[in-house]
Amino acid sequence: MDEAVGSERVDAEAAEAVQRIVDNLAVVVHAPDETLRLVVLCLVAEGHLIIEDFPGVGKTMLAKALARSVDCSFSRIQFTPDLLPSDVTGVNVFNQRSNEFEFRPGPIFANLLLVDEINRAPPKTQAALLECMQENQVTIDGVSYSLGRPFMVMATQNPIEYEGTYPLPEAQLDRFMLRIGVGYPEREDEWEVLERRLERGADEVELEPVVGRDELLEMQRAIEQVHVDRSVGLYMVDLVAATRDAPGVQVGASPRGSLALLKLSRCRAALAGRDFVIPEDVKAVAVPALAHRLSLRPELWVQRLRPEDLVLELLDRVPTPKAEAEPEPAAE
């Protein structure tokens, strides 16, 4: 009985903390509440995020606002064609006084890393992020350096102006847990952006941290207590497998996509005040978690079908298991 009460308290505290971050983000970026919630879910699920949308809609501002909302270290890298891998990870520098090489850490040694316009840098520099994103460490001259926790990469890129850019290879794109867009605001929302700017009297928005590092780490640990029934787990597997067999798909989602569904759906369940996952949790995160992992055949691009459309279609086709009933508390 005490364990059930403790679980409910953790869920309530996590949900409250997430809402504080979402409210903080909403001060800066006008985006649907569900989009802002997905950003926070990705952070709690220990994933990495790529934000793809048109220039000027607040991609960079959203990433910076998330970093300011959490009391953790933050670095930003503007990717350019002349950026070197050592500019990201760090480099060994010879110290003439000690007659030894010393490691100078790069900007990647931060809890939250913003990679602005990730497709502007050449593949060699993009590849410098692979080990960091997968294993939370950097290897320089045969020596591995651990990155602190939490660690999250937030990357931005534009869906236009492809000339002079280097599209991310599938192997690297697959390492991002979520891909989201911000979208253009509605008429009233855009006026509210202008109105807030008039009230502030300055371009910069001052945000105070609303969640500490220790609290965030506790939230990440609490997610491991969320139960996933076998039927719901197999639903995730079937959904990901359907992306591999769907007509018009060259490459479907990998098992990494299944793991992303698992982590995100557990986070969503916990933040909804539940200690068990239901199919609706999986459906809510399926599109942003799977769409960027699919490679479509040219004929589907001609038909203007997007990977997001395909995932939505599969959500209608794959049989949904019955929702798990809330577990009854154990008798005293």
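The values are calculated or read from the model by the stated rules, or taken from the named source; none is laboratory data. This structure is a prediction, so every number in the text was calculated from the model and none was measured. All Cβ positions, even for glycine, are placed from backbone atoms using ideal geometry, and neighbour counts span all protein chains on display. Ligands, DNA and RNA are excluded from the accessible area calculation, which covers all protein heavy atoms including side chains. Shrake-Rupley method; radii C 1.70, N 1.55, O 1.52, S 1.80 Å.
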Heavy-atom accessible area per residue - region 198-332, 1.4 Å, Å²: 56 Å²
Segment R230-E280, length gained on full extension (0.36 nm per residue, minus Cα span): 16.5 nm
Considering only region 103-259, percent of DSSP beta bridges that pair antiparallel, nearest 5: 50 percent
Under 9 Å, Cβ to Cβ, from N111 - net charge with Lys/Arg +1 and Asp/Glu -1: +2
Hits among aspartates and glutamates - C-alpha to C-alpha of K124 under 20 Å, sequence gap 8 or more where chains match: D82, D87, D116, E135, D141, E163, E170, D174
Separation of the V91 and E131 label points, Cα + 7 Å toward Cβ, nm: 1.7 nm
Nonlocal amide H pairs with I140, under 5 Å, H built at 1.01 Å: Y145
Amide H partners (placed H, <5 Å) of V249, local residues excluded: R297
Full-extension gain in nm, R297 to A12, via 0.36 nm per residue minus C-alpha separation: 98.1 nm
Gyration tensor (alpha-carbon) shape descriptor, the chain, a/c threshold 1.5: rounded
Cα gyration tensor, region 1-115 - rounded (a/c under 1.5), prolate or oblate: oblate
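Let's test the formula: R0 of 22 Å, r as the Cβ-Cβ distance of A272 and M61. What FRET efficiency results, to the nearest 0.05?
Details: r = 27 Å, r/R0 = 1.25.
Computed FRET efficiency for A272 and M61 comes out at 0.20.
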Carbon + sulfur, % of accessible area of the chain - ligands and nucleic acids excluded, 1.4 Å: 51 percent
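Provide the percentage of antiparallel DSSP beta bridges, counting only those with both residues in the chain; round to the nearest 5.
Taking every DSSP beta bridge within the chain, about 40 percent pair in antiparallel fashion.
Among 278-289, 20-31, what's the highest-first ranking by average C-beta atoms within 10 angstrom per residue?
Taking the mean over residues of other Cβ atoms within 10 Å, the ranking is 278-289, 20-31.
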Summed side-chain charge close to A246 - residues other than A246 whose Cβ falls under 14 Å, Lys, Arg +1, Asp, Glu -1: -2
Gain on full stretching of the segment that runs from L173 to D141 - 0.36 nm per residue minus C-alpha separation: 8.9 nm
Three-way shape call for region 98-175 based on the alpha-carbon gyration tensor, with the a/c threshold at 1.5: prolate
Rounded to 5, the percent of DSSP beta bridges in region 1-143 classed as antiparallel: 60 percent
